[in-house]
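Only one structure is covered here, and it is reproduced in the block below.
The values are calculated or read from the model by the stated rules, or taken from the named source; none is laboratory data. Being a predicted model, the structure only gives us computed values, none of them experimental. Glycine gets a Cβ as well: all are built from the backbone with ideal geometry, and neighbour counts include every protein chain shown. SASA here: full protein model, heavy atoms, side chains in, ligands and nucleic acids out. Shrake-Rupley method; radii C 1.70, N 1.55, O 1.52, S 1.80 Å.
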Amino acid sequence: MNWDSQHNKPHTPPLPEEVWDALKPEREEEREEERAALAETWALAEHYRDLEPDEATFQQMGADIWATLEATIQEESAAEVAPAPLRLVKSRPRIFQLRPWHQVAMAACLALLIGVVFILSQQSITHTAPFGETATIDLPDGSQVILNSGSTLSHQRTFGEEIRRVTLEGEAFFSVAKSEIPFVVGTFNGTTTVVGTQFNVRAWKDDIEPATDVSVLEGKVRLAAQQTAQHAITLTAGESARLVAQSITPTPLEESVDNALAWRTGSFKLVKPLGTVARELERRYDVILEVAETDLLNEPVAILKESPASVEAILSDIAEIKNYEYRAIPGGYEIKRADTE
Amino acid sequence: MPSEDSFTHWSERLQSSDQRAFSELFQAMNTVLLRYAWRFTGDQEAARDIVQDAFLKLWQIREDVDPSRSLKALLYTMVRNLALNYKRSAQHTNGVLPEHDLHDHAPSADQRVGASLLHERLHQYIEEMPARRREAFMLSRFEGLSHEEIAAVMGLTPRTVNTHIVLALKDLRKRLSALQPDRTP
């Protein structure tokens, strides 16, 4: 049988080398067999593309998009203020007459200096807490940030000079040193601004219900939506708020400030849909968690583990309360509905 | 797929609003990303809008693009988030999981002939994988993304990405070998 289809197909990527590292057969021949079988499967998977629209369709779509993009960019650059025309200035007598090579050398030095300053100011610094760990970061202004597992914090090299701005993907607890300069935490859909205080920000874009959650332990914090400045709220100690898309909503009562801060001491307190809890467990314990039935992802789950607990202890709690089952799979666990029989 | 160096070079030039760099990047990536968005949503119109919005967004944030981080992963992440949003809203308006649309493409008679049994089975097996295993596998197999890039797009570690891919391959192999009589040995 001929499986080849006629249309122009995209490049087929090779089977990644890393896959072989995961194979641990007992004998060398088995390894070869396994390799051959997996390589064959990899190649066969190409037929998944059989019903894809052909290359010409995509090229036409691409051309349409480019027409729109180009128009938008042109419009934008036309709207920018046109530079003032250069004026010819009559040359004035110079006090120091520089020889041509002096001028060249000075221009070169100046260009180099500007370049170095520009590069230094553009460089950003990124901190990441690996899965299964947290990370404590001391910022140049004396503020301290504790990053939860899998979270990333970045800031410009010039942090603190004129503005104290950091960008957060994930969750972190901030102890901000007091200063006249506002401290700003940018997340995917908003900004949190403070002067000196302690607070927690949780902002996972791919949670089941993506939101920026801010909980204040001490001092005053301002949370604002990214696009609409009217949507902003000031929070004080013991208060929390949630930014969903571009609007601010109160945090549900069961998600108290105490729960929001629990991760710092290794506790696990989360009242969220199962899909979000599963992602959190994946990050915190560096395991895979597969939810077998997709409709379970939105099921509300409450876990309140006061002290550090193993992932199995947490899973067994969830299983018991929700009448689920879990089992170990390579690299992690699978959760599913308990068989009723 | 362009090299890592070309992506770094593009992001450096994008930072300084270089329209030519933007155009080159678009030419290099638009078809690949359109395929990706199409596979994600199963809808040509949606794929078009998603890729257009992603590039528009990239142009808007060009000055904040960090050349030390993968521009390719950034593009995939933007397309993925837009596609997820689309699926969420489609789910709300239709009350149907848009994934099922993938089966409702109503291919023409010609396509039906070409649409092999193998294609149908593959479709079924891949759709039936747990969502994250499927996504890691698809990004590796059909987008040719490296483990590091998939890790950046999905928010995982490369080690976990590898586990997902190995599990997906073994699972596919087991189910495909049940079709053995249909294949040449």
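Yes/no per residue for (1) touching a Pro at 6+ places or on another chain (Cβ under 8 Å); (2) open to solvent by 60 Å² or more (accessible area, probe 1.4 Å):
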{"position": "A:D138", "(1), (2)": "no, yes"}
{"position": "A:L147", "(1), (2)": "no, no"}
{"position": "A:E162", "(1), (2)": "no, yes"}
{"position": "A:T193", "(1), (2)": "yes, no"}
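Of all residues in the range B:119-131, at least one satisfies being at the interface with chain A (Cβ under 10 Å from one of its Cβ atoms), modelled with pLDDT under 85 and open to solvent by less than 70 Å² (accessible area, probe 1.4 Å). In the range B:136-150, of all residues being assigned to a helix (DSSP H, G or I) and open to solvent by 10 Å² or more (accessible area, probe 1.4 Å), the one that is nearest to the other protein chains (Cβ to nearest Cβ) corresponds to B:M138.
Tally time: how many residues in the range A:209-224 are surrounded by 18 or more Cβ atoms within 10 Å (Cβ to Cβ) and farther than 18 Å from A:L261 by Cα? Residues flagged as surrounded by 18 or more Cβ atoms within 10 Å (Cβ to Cβ) and farther than 18 Å from A:L261 by Cα within the range A:209-224 amount to 2.
Have a look at A:T276, A:T251 and point out the one that is within 24 Å of the chain's Cα centre (by Cα) and in the same structural domain as A:R222 (by TED's automatic domain parsing). Every option except A:T251 fails the conditions.
On the basis of being open to solvent by 30 Å² or more (accessible area, probe 1.4 Å), away from chain A (no Cβ under 12 Å) and modelled with pLDDT of 90 or more, does B:R48 make the cut? Here the answer is no, as B:R48 does not meet what is asked. Taken over the range A:274-299, the residue count meeting the criterion of being away from chain B (no Cβ under 11 Å), buried (at least 20 other Cβ atoms within 10 Å of the Cβ) and not in a helix (DSSP H, G or I) is 0.
Quick grid of which residues meet (1) modelled with pLDDT of 75 or more; (2) part of a loop (DSSP other than H, G, I, E, B):
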| site | (1), (2) |
| --- | --- |
| A:S5 | no, yes |
| A:P16 | yes, yes |
| A:V19 | yes, no |
| A:Q60 | yes, no |
| A:A63 | yes, no |
| A:A71 | yes, no |
| A:I95 | no, yes |
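Can you confirm whether the range A:311-321 contains a residue that is open to solvent by 30 Å² or more (accessible area, probe 1.4 Å) and within 26 Å of A:E169 (Cβ to Cβ)? Within the range A:311-321, none of the residues are open to solvent by 30 Å² or more (accessible area, probe 1.4 Å) and within 26 Å of A:E169 (Cβ to Cβ).
Selection of strands (runs of 3 or more DSSP E) fully inside the range A:118-208 by the criterion of at least 3 residues being within 16 Å of the chain's Cα centre (by Cα) returns A:124-128, A:152-156, A:164-175, A:183-187, A:198-203. Of the residues making up the range A:225-233, one or more are part of a loop (DSSP other than H, G, I, E, B) and without any contact (Cβ under 8 Å) to a residue 12 or more places away in the chain. When B:S68 is tested against (1) surrounded by fewer than 18 Cβ atoms within 10 Å (Cβ to Cβ); (2) out of contact with any strand residue (DSSP E or B) (no Cβ under 8 Å at 6 or more places or on another chain), only condition (2) is not met.
Annotation: of all residues in the range A:43-60 being under 25 Å from B:F137 (Cβ atoms) and among the aliphatic types (A, V, I, L, M), the one that is farthest from the other protein chains (Cβ to nearest Cβ) is A:A43. Checked against (1) over 23 Å from A:R157 (Cβ atoms); (2) more than 10 Å from every other protein chain (Cβ to nearest Cβ); (3) open to solvent by less than 10 Å² (accessible area, probe 1.4 Å), B:F40 passes all but condition (3). Among the residues of the range A:282-312, those that are over 12 Å from A:E334 (Cα atoms) and within 22 Å of the chain's Cα centre (by Cα) comprise A:R283, A:R284, A:Y285, A:D286, A:L297, A:N298. Among the residues making up the range B:127-181, those that are among the small types (G, A, S) and either in contact with a Phe, Trp or Tyr (Cβ under 8 Å, 6 or more places away or on another chain) or within 21 Å of A:A292 (Cα to Cα) (or both) are B:A131, B:A136, B:G155, B:A168. Take the conditions at pLDDT 85 or above, within 11 Å of another protein chain (Cβ to nearest Cβ) and open to solvent by less than 60 Å² (accessible area, probe 1.4 Å) and apply them to A:E40. Does it pass? No.
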